[in-house]
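To start, the structure under review is shown below, and the notes come after it.
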Amino acid sequence: MTHIPHRPIGRTALSVPELGFGAASLGNLYAPVADADARAAVDAALAAGLRYVDTAPHYGRGLSERRVGDALRLQPDTVVSTKVGRLMDPDASITDDHERDGFRSPMPFRMRYDYTHDGILRSHEHSLQRLGVAKIDLLYVHDIGRYTHGDAADGYWQQLTAGGGLKALERLRDEGTITGFGIGVNEIQVCLDVMAEARLDAILLAGRYTLLEQDALDALFPACEAAGTSIVIGGPYNSGILATGTRRGGTIHYDYGPAPGHVLARVRGIEAIADRHAVALPAAALAFVLAHPLVASVIPGIGSAARAAQTVDLYHAAIPPAFWEELRAEGLLRGDAPVPGAAA
Ligand SMILES: NC(=O)c1ccc[n+]([C@@H]2O[C@H](COP(=O)([O-])OP(=O)(O)OC[C@H]3O[C@@H](n4cnc5c(N)ncnc54)[C@H](OP(=O)(O)O)[C@@H]3O)[C@@H](O)[C@H]2O)c1
């Protein structure tokens, strides 16, 4: 088994391997994954030392949690994070397995947002049942904020704050039913807002600190450093483009949609430098985020055993220092972003 170093989560006793497994894929995100392939993906990842898996009720309306639970339940030394904020209600009127919210053949439940005290406790209970475990290591408040909710965000914010959602999480942490909690989001401002209300152990930040964009360095990372809050990087390929590059046929994905022109142009610039240094773009995307000391783990999306093995190879790839220097010199990387093997 490859050795993957562990890093601490906030001020908890928990540590996670710095390379983990993003299991939105196992809820059939965009493409169906057969049960056996889902199991093989987790087994291959575990065998390779990726013993941190992130899932959520949202991912296939419970499907990803069920699959992750089946694969991990009796495995020692594994860390699981899941999320709260969406309840899955049984609904007899759902009789098809059409795609819902991007997930193919999801479980036949109706999804309802609920960030209240009771909603969060219920969601946690449901996750224990689907995962088949007695304790969840990390629980993230999923997709609170305007990126997901637009104008409805204020109402959900009230549920989480005045409605006791954060209090419920503090209670679960105090009881030891979870080891730590935080939020899992694709935006920066809401992280700062929640940090003003509660002590977070970790923030799962998706797509907002990557080889493509580093605005999180301005206010968020200093706030996390002061509060002792770790960062887990989701969506390290910005949902695709930093893995696929720009040159293959078909749609190139950025933030779960077609990549806009300015993003394509920037990635083409990075690709040109990667070519000159014989660097694989996804290898650079993984190594870059792990160079930041606040980052506890990076969790790329993995949907097959082959992808798990390839991801481990990318993680181990050597990247010459001159690659990072040239990115900085060309204005394609912020000068204050730490890079592997060098101080910021
Ligand atoms: N709000 C939140 O809490 C939140 C939001 C987003 C993400 N996350 C977490 O972060 C995890 C990862 O995010 P993500 O899956 O959305 O995005 P991602 O890891 O940035 O990108 C995944 C995409 O990249 C492709 N890919 C991965 N490795 C590749 C490779 N070596 N070569 C070519 N293509 C490759 C995958 O294709 P294939 O499908 O073909 O492998 C998939 O389409 C999620 O599973 C979830 O755990 C959390």
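The values are calculated or read from the model by the stated rules, or taken from the named source; none is laboratory data. Remember, predicted model here, so these are calculated numbers, not experimental data. Don't worry about glycine lacking a Cβ; one is built from the backbone with ideal geometry, like all the others, and counts go over all protein chains shown. Please note that ligands, DNA and RNA were not included when accessible areas were found on the heavy atoms of the full protein model with its side chains. Shrake-Rupley method; radii C 1.70, N 1.55, O 1.52, S 1.80 Å.
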Cβ-Cβ under 7 Å pairs, at least 6 apart or on other chains, the stretch 288-309 side under 14 Å from GLY235 (Cα atoms), far side more than 10 Å from the ligand (Cβ to nearest atom) and acidic (Asp, Glu): LEU290/GLU18; SER297/GLU18; VAL298/GLU18
The stretch 139-164, subset open to solvent by 40 Å² or more (accessible area, probe 1.4 Å) and hydroxyl-bearing (Ser, Thr, Tyr), residue nearest to HIS124 (Cα to Cα): TYR156
Some residue of the stretch 256-268 being within 9 Å of the ligand (Cβ to nearest atom) and open to solvent by 20 Å² or more (accessible area, probe 1.4 Å): yes
Conditions (1) open to solvent by 50 Å² or more (accessible area, probe 1.4 Å); (2) in contact with a Gly (Cβ under 6 Å, 6 or more places away or on another chain); number of the one not met by MET107: (1)
Residue ID - surrounded by the fewest Cβ atoms within 10 Å (Cβ to Cβ), chosen from residues in the stretch 76-104 that are hydroxyl-bearing (Ser, Thr, Tyr) and not in a loop (DSSP other than H, G, I, E, B): SER81
Residue count for the stretch 1-49, restricted to those that are within 11 Å of the ligand (Cβ to nearest atom), small (Gly, Ala, Ser) and either assigned to a strand (DSSP E or B) or at pLDDT 95 or above (or both): 7
Single residue of the stretch 193-224 satisfying the filter (β-branched (Val, Ile, Thr) and over 22 Å from ALA13 (Cα atoms)) that is surrounded by the most Cβ atoms within 10 Å (Cβ to Cβ): THR210
Single residue of the stretch 285-305 satisfying the filter (away from the ligand (no atom under 12 Å from the Cβ) and outside any strand (DSSP E or B)) that is most open to solvent (accessible area, probe 1.4 Å): PRO293
Which numbered condition GLY27 fails, given (1) open to solvent by less than 30 Å² (accessible area, probe 1.4 Å); (2) farther than 21 Å from ALA306 by Cα: (2)
Residue satisfying all of: in the stretch 114-152; within 18 Å of PHE181 (Cβ to Cβ), small (Gly, Ala, Ser) and assigned to a loop (DSSP other than H, G, I, E, B); nearest to the ligand (Cβ to nearest atom) among these: GLY145
